[in-house]
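Heads up: the structure comes next, in structure tokens.
Values in this text are rule-based calculations from the coordinates and carry no lab data. Note that this is a predicted model, so its numbers are computed, not measured. Note that each Cβ is placed from the backbone with ideal geometry, even for glycine, and that neighbours are counted across all protein chains shown.
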Amino acid sequence: MRVVETVADFRRACGAARRPLGLVPTMGGLHAGHLALVKRSKAECATTAATIFVNPAQFGPKEDFNTYPRNLWTDLDMFESEGVDLVFTPPVEEVYPTAFDTWVNVGKVSSRLEGEARPGHFRGVATVVTKLLAIARPDRAYFGQKDAQQCLVIKQLNDDLALGAVVVIVPTVREPDGLALSSRNVNLRPDERRAAPVLYRALCLAQKMQREGTNDAEAICRAMREEVGKERLAQVDYVSISDAATLEDLERVDRPALALLAVRIGKTRLIDNIAL
Ligand code: PAF
């Protein structure tokens with residue numbers, strides 16, 4: 001496995017790679033969810049490149065940039081055991097040199113939910129992902145369904161800016177109790193960790209209600225809020241039933257939809273979603 005730190009080396013290594021080339025962008029703090037992206041890339045591509053970069057531009061001033069899990073050596077070992085061919089681990093100045101002054105703003109699909117709760121977040125995500133796709137020029141790029149809105153934002157920028165990658169969305173990997181794997185789960189104290197599966201319980205309830213014939217989105221959202229409310233340590237940030245393709249708020253579940261929620265457990269903010 002080759003590890004490179006500069007844009008020039010990463011571009012050169014990707015340019016010389018056997019095609020198809022798969023790209024797995026990450027912020028490190030690796031877990032089985034990231035490894036599922038790598039496994040899918042390995043199954044579909046001749047070369048798999050990954051990136052590890054905690055992107056300061058996608059964190060708000062009061063968010064957890066400084067405490068975001070950073071375990072570079074463990075992460076590199078994990079990528080190596082999975083058979084990743086190339087890893088880009090740039091320092092911040094390599095991605096955002098002093099003169100950097102171009103930002104990618106994706107429209108409607110980035111405006112609600114996480115876009116509302118975390119102003120500037122998707123501008124940061126869209127900018128760094130555009131830059132990584134522009135440097136690597138992969139045939140396929142892999143992202144996890146847990147960050148459903150991020151997936152739609154990335155599909156939109158990839159199409160609009162004609163970056164030419166196939167954006168592949170990989171199903172969420174869960175713990176046995178339903179908690180979606182997330183780098184932030186390591187920040188949960190033991191009692192918070194026990195409380196955290198409440199997100200998945202609320203999503204399963206939404207799915208059950210809809211399967212049993214409830215199409216009223218507000219009724220489903222109310223039931224989800226009540227379910228989360230049963231957990232003393234959990235505080236709802238938002239719950240939503242949204243169109244699966246546009247993330248517009250739905251009144252009735254009369255087309256492919258997602259139930260989405262963001263919940264604070266202590267100081268940790270978790271998001272998750274399920275298809276309806
Ligand atoms: O999902 C993530 O880990 C990040 O948002 C991404 C896509 C690597 C961009 O920094």
Original post:
Given K146/K208; K42/K155; K39/K155; K62/K155; K42/K131, which pairs have Cα atoms separated by over 26 Å?
Top reply: K62/K155
**OP:** Have a look at W73, S111, V95 and report the one farthest towards the positive end of the charge dipole of the chain, computed about the Cα centre with Cβ charges (Lys/Arg +1, Asp/Glu -1).
**Re:** W73
Original post:
Sorted by packing (mean other beta-carbon atoms within 10 Å per residue), highest first, where do 94-106, 175-187 land?
Top reply: 175-187, 94-106
Subject >> Cα pair distances of segment 90-150 binned at 10 Å [whole percent] >> reply: 19, 47, 32, 2
Original post:
Applying 1/(1 + (r/R0)^6) with R0 = 51 Å to the Cβ-Cβ distance of F100 and R255, what FRET efficiency is obtained, to the nearest 0.05?
Top reply: 0.80
**OP:** Wrap a convex hull around the Cα atoms of segment 129-191, take a quarter of its surface area, and give that in square nanometres.
**Re:** 5.3 nm²
**OP:** Give the calculated FRET efficiency between R189 and N215 to the nearest 0.05, with a Förster radius of 45 Å applied to their Cβ-Cβ distance.
**Re:** 0.70
Original post:
Once a ≥ b ≥ c are taken as the square roots of the eigenvalues of the Cα gyration tensor of segment 116-155, is the result rounded (a/c under 1.5), prolate (a/b larger than b/c) or oblate (a/b not larger than b/c)?
Top reply: oblate
Original post:
Between A244 and R2, what FRET efficiency comes out of the Förster formula 1/(1 + (r/R0)^6) with R0 = 41 Å and r the beta carbon distance, rounded to 0.05?
Top reply: 0.60
Original post:
Which three semi-axes in whole Å describe the equivalent ellipsoid of segment 3-128, each the square root of 5 times a Cα gyration tensor eigenvalue, listed largest first?
Top reply: 26, 17, 16
**OP:** Could you tell me, in Å, what Rg and Dmax come out for the Cα atoms of the chain?
**Re:** 18.8, 56
**OP:** Run through the DSSP bridge list for the chain and note the antiparallel percent, rounded to the nearest 5.
**Re:** 50 percent
Original post:
How large is the convex hull of the Cα atoms of segment 201-276 per residue, expressed in Å³ as a whole number?
Top reply: 73 Å³
